[in-house]
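Below is one structure; the comments refer to it alone.
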Amino acid sequence: MHNYYHILGVTPNATLDQIKKAYRKKAMVLHPDINKADDAHEQFILLNEAYEYLLKTQGTHTNHYKRAQQQAQRQAEYQKEWEQKEREQARERAKAYAQMKYEAYLNSDIYKTTEALNLILDLFGLVFLLLFVFGIPVFTFLEHGIIGLAISAIIILPTAPIWFRLLIRFFVILNFKGIVDFKHSTIRSKMMKIMLFLILNIIILFAITLNTLIELKYIIAVYSVFITCGIIISRFFKSRYYKYLIKFGFAPFAINLLFLINYFIASNPTYETYWYSYSYHDPSPILPKITLENNRYDKYTGIRLIFDGEKIIGHGKITYLIKDGCLGFRVVKQTIIE
């Protein structure tokens, strides 16, 4: 017979209240809705089995000696009955508890659709990760030489703890049989959330933050402060998932959210047109940077970065649509190269 005290996490002298509290605490952890272990159902069944057995055999008297006598008597009387029929009935009830939420869900269209979408996202994530880790260095080296390779390393190396963990998980856990039957989710959705958060933050940085009229050094300082706060807060969490999510997801997104609000709630549009210059003889960096006449906006590097270097060839003027953001920072809403 199983060690029911060990399963429930109580001592032989535990009271009924202690048994009930221990059961409630363990049930919240071991229920198959939460417990993702392969033997989650069996763990939950054993937990209920132990609970029913101890519930019916433990003494209730407060005197330890009398309670021990009472408990021994109860166990002796109940043991035979338990082995004959009650144990199987308890397991059947526990199985019903464990399967209650899953049977209808597993046969539903939404479950099958979700599994298919999970697989598609997993494969997309694998392709994106390979492009991020290997594609960017190769492309930047071919286009811009050693300078491009160095800049790509600056982008990729700081995020190594995330993408290396993801890469290992993809190749170890990826179940190609699932491509055919959509029965298993190949990668935990938790890691996908972290990756999507990281991608979202990068997009906001280049599309919104760099188009805000704030000096680059202050932008770097603000991001550093928020990420540092995220690292400090993450130390209070035991789960690695929450640690990574806070450091690489919530912390940068908190400052990105302020930039988003300032960008989209803006007013007083004005157009400003300037002649610009660009050195065509220097080795082409990844993001060409123009210089405006009279060194206008010289401190704001972001709005002078051109993502498509071909656009500036053969042109000489650039027009900015600038608005006043609701948080007091001006933003560039549109750039027109003439």
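The values are calculated or read from the model by the stated rules, or taken from the named source; none is laboratory data. This structure is a prediction, so every number in the text was calculated from the model and none was measured. A quick note on method: Cβ atoms are made from the backbone with ideal geometry, for glycine too, and the neighbour counts reach across all protein chains shown.
Things to note:
- Residue in region 254-269 that is outside any strand (DSSP E or B) and modelled with pLDDT under 90 present: no
- Of all residues in region 1-25 being closer than 16 Å to TYR53 by Cα and among the basic types (Lys, Arg), the one that is surrounded by the fewest Cβ atoms within 10 Å (Cβ to Cβ): ARG24
- Applying the condition of being surrounded by 15 or more Cβ atoms within 10 Å (Cβ to Cβ) and among the hydroxyl-bearing types (Ser, Thr, Tyr) to region 292-334 and asking which residue is modelled with the highest pLDDT yields TYR320.
- The listed residue being over 19 Å from LYS193 (Cα atoms) and either among the aromatic types (Phe, Trp, Tyr) or at pLDDT 75 or above (or both), out of ILE162, ILE155: ILE155
- Criterion applied to LEU117, LEU167 was being modelled with pLDDT of 60 or more and in a helix (DSSP H, G or I), and the one residue passing it is LEU167.
- When ASN256, ASN268 are screened for being on the phi > 0 side of the Ramachandran plot, of a type outside the set (Phe, Trp, Tyr) and free of Cβ contacts under 8 Å to residues at least 60 places away in the same chain, only ASN268 passes.
- Selected residue (criterion: farthest from PHE248 (Cα to Cα)) from residues of region 140-151 that are surrounded by 15 or more Cβ atoms within 10 Å (Cβ to Cβ) and without any contact (Cβ under 8 Å) to a residue 60 or more places away in the chain: PHE141
- Filter result for SER234 (without any contact (Cβ under 8 Å) to a residue 24 or more places away in the chain and in contact with a helix residue (DSSP H, G or I) (Cβ under 6 Å, 6 or more places away or on another chain)): yes
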